[in-house]
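Asks: Would you mind keeping the following structure in view while I ask a few things?
The values are calculated or read from the model by the stated rules, or taken from the named source; none is laboratory data. Since this is a predicted model, take the numbers as computed values, not measurements. Methodologically, a virtual Cβ is constructed for each residue, glycine included, from the backbone with ideal geometry; neighbour enumeration extends over all protein chains shown. Just so you know, the surface numbers come from the protein's heavy atoms only, side chains and all, with ligands and any DNA or RNA stripped out. Shrake-Rupley method; radii C 1.70, N 1.55, O 1.52, S 1.80 Å.
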Amino acid sequence: MTRRILEHGLELVQDFCEAEVWPDELPPSREQILKHVVSVDGLLCLLTDRIDAEVMDAAGPGLKVISNHAVGVDNVEVAAATARGIPVGNTPDILTDATADMAFALLLAAARRVVEGAWLVKAGGWKTWGPGFMLGADLTGATLGIVGFGRIGRAVARRASGFGLRILFTDPSPALPEQGVNTMQVDFETLLQESDFVSLHTPLTDQTRGLINADTLKRMKPTAVLINTSRGPVVDQEALFAALQSHQIFAAALDVTVPEPLPMDHPLLGLDNCIIVPHIASASWRTRQNMSLMAAENLIAGLKGERLPHCVNPEVYKE
Ligand code: GLV
């Protein structure tokens, strides 16, 4: 296990097998992973660990399962695992609401300048109540564009509906509407042009890397707010910095960046219209306990030679 996970899952694993748990707060280095993985039967890893063919080969032919403590699996070279017949587990569903909550918290915070206002108060900048002081964006009647209409995108739509937002979405496949919520599937171009808020809910793939770039930012409204709770590389940060600095768009709020953590001298940190939080969308008490349990259950099923309850490459079972 490349880190200590919350106790429900940790205890389950420790009761089942001999578990070597990386004890530090910071992740193991590449060298440490390559060293400690030798001859393990199963690997429980985090999104901070790059698990590629080299790691799998260092583990050796006994490696029966890779259980990722995250829903996103872009840190795991899934094709390499499939080629070796190794099932890869993830933690879907249980973090949907927590992540959608965070997307919405960021949306509201950026729209109404909550973080900027809080800093201003602490810095002694609150002089008086002013008619034009710290104005932000209205939600009611505005348009939200959801990029990726999977579980989390849909959960964001449910929240947005309560705030009176008009909801557009894009998805690579024709998606069923979310019951009880008014939504419209549009092309990406229309979404960029019409949305006051653009929220990203795609996995990181070759198709989504750099999806928000200088070109796509140009098509957004000057009043637009960008929210990213997906993966950092979906946004070209240099282009985003330029767009925010020149007020080509109004604001951005990011839970994910490149790299993570973002270095203290990164230009995005100097902008008032950019909120950055440290990849905490799934960080609620119940969600993280459930993630630890699900990651443990996937690991244990794999060690027993059983089908993983949540497997991202089920084709390994078809041979
Ligand atoms: C978090 O980012 C996850 O993919 O679970």
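Asks: Only one of L135, L107 is in the same structural domain as E178 (by TED's automatic domain parsing) and within 20 Å of Q193 (Cβ to Cβ). Can you tell me which? Let's see the steps before the verdict.
Replies: Details: L135 fails: within 20 Å of Q193 (Cβ to Cβ).
Answer to the check: L107.
Asks: Another question, if that's okay. Kindly provide the set of residues from region 251-282 that are of a type in the set (G, A, S) and either surrounded by fewer than 13 Cβ atoms within 10 Å (Cβ to Cβ) or within 12 Å of the ligand (Cβ to nearest atom) (or both), ordered by number.
Replies: Taking region 251-282 first, the residues of a type in the set (G, A, S) are 251-253, 270, 281-282.
Within region 251-282, G270, A281, S282 meet the criteria.
Asks: Just to check your reading of the model, which residue among D93, D101 is assigned to a loop (DSSP other than H, G, I, E, B), open to solvent by 10 Å² or more (accessible area, probe 1.4 Å) and within 16 Å of the ligand (Cβ to nearest atom)?
Replies: On the way: D101 fails: assigned to a loop (DSSP other than H, G, I, E, B).
The conditions single out D93.
Asks: Sticking with this one: I want to confirm something. Restricting to region 61-82 and keeping residues that are open to solvent by less than 20 Å² (accessible area, probe 1.4 Å) and farther than 17 Å from E260 by Cα, which single residue is farthest from the ligand (Cβ to nearest atom)?
Replies: L63
Asks: While we're on this one: Could you identify the single residue in V234, V258 that is among the β-branched types (V, I, T) and touching a helix residue (DSSP H, G or I) at 6+ places or on another chain (Cβ under 9 Å)?
Replies: Numbers: V234 fails: touching a helix residue (DSSP H, G or I) at 6+ places or on another chain (Cβ under 9 Å).
Of V234, V258, the one residue that is among the β-branched types (V, I, T) and touching a helix residue (DSSP H, G or I) at 6+ places or on another chain (Cβ under 9 Å) is V258.
Asks: From the list G153, G130, which one is under 30 Å from N298 (Cα atoms) and out of contact with any Ser or Thr (no Cβ under 6 Å at 6 or more places or on another chain)?
Replies: Working: G130 fails: under 30 Å from N298 (Cα atoms).
G153 is the lone residue from the list that is under 30 Å from N298 (Cα atoms) and out of contact with any Ser or Thr (no Cβ under 6 Å at 6 or more places or on another chain).
Asks: In region 24-43, what count of residues is obtained for those that are over 25 Å from L262 (Cα atoms) and under 23 Å from the mean Cα position of the chain (by Cα)?
Replies: Final tally of qualifying residues: 1.
Okay, residues lined up against (1) under 29 Å from E77 (Cβ atoms); (2) within 16 Å of the ligand (Cβ to nearest atom); (3) not assigned by TED's automatic domain parsing to the domain that holds A157:
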| position | (1), (2), (3) |
| --- | --- |
| P177 | no, no, no |
| M184 | no, no, no |
| L200 | yes, yes, no |
| L204 | yes, yes, no |
| N228 | yes, yes, no |
| D236 | yes, no, no |
| A239 | yes, no, no |
| Q245 | no, no, no |
| I249 | no, no, no |
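Asks: Related question: Give the residues of region 113-130 that are among the charged types (D, E, K, R), without any contact (Cβ under 8 Å) to a residue 12 or more places away in the chain and not in a loop (DSSP other than H, G, I, E, B), sorted by residue number. Steps first, answer last, please.
Replies: Residues of region 113-130 among the charged types (D, E, K, R): 113, 116, 122, 127.
Right, trim to without any contact (Cβ under 8 Å) to a residue 12 or more places away in the chain and you get 122, 127.
Residue satisfying the conditions is K122 alone.
Asks: Now, a different point. Restricting attention to region 66-81, and to residues there that are in contact with a strand residue (DSSP E or B) (Cβ under 8 Å, 6 or more places away or on another chain) and assigned to a helix (DSSP H, G or I), which single residue is farthest from R50 (Cα to Cα)?
Replies: First, pick out the residues of region 66-81 that are in contact with a strand residue (DSSP E or B) (Cβ under 8 Å, 6 or more places away or on another chain): 66-69, 73, 75-78, 81.
From what is left, the residues that are assigned to a helix (DSSP H, G or I) are 78, 81.
Working: V78: 11, A81: 13 Å.
Per the stated criteria, the residue is A81.
Asks: Tell me, which residue of region 283-319 that is of a type in the set (S, T, Y) and open to solvent by less than 20 Å² (accessible area, probe 1.4 Å) is nearest to the ligand (Cβ to nearest atom)? Give the steps one after another, and end with the answer.
Replies: From region 283-319, those of a type in the set (S, T, Y) are 284, 287, 292, 317; that's our starting set.
Still in the running and open to solvent by less than 20 Å² (accessible area, probe 1.4 Å): 287, 292.
Working: T287: 9, S292: 12 Å.
Ranking the candidates gives T287 first.
Asks: Residues in region 159-177 that are open to solvent by less than 30 Å² (accessible area, probe 1.4 Å) and either farther than 15 Å from L200 by Cβ or not in a helix (DSSP H, G or I) (or both): how many? Before you say what the answer is, go through the steps one by one.
Replies: Filtering region 159-177 for residues open to solvent by less than 30 Å² (accessible area, probe 1.4 Å) gives 160, 165, 167-170, 175.
Now restrict to residues that are either farther than 15 Å from L200 by Cβ or not in a helix (DSSP H, G or I) (or both): 165, 167-170, 175.
Number satisfying all stated conditions: 6.
Asks: Kindly check whether there is at least one residue in region 217-224 that is within 14 Å of the chain's Cα centre (by Cα) and open to solvent by less than 20 Å² (accessible area, probe 1.4 Å).
Replies: Kept after step one, since they are within 14 Å of the chain's Cα centre (by Cα), are these residues of region 217-224: none.
No, every residue in region 217-224 fails to be within 14 Å of the chain's Cα centre (by Cα) and open to solvent by less than 20 Å² (accessible area, probe 1.4 Å).
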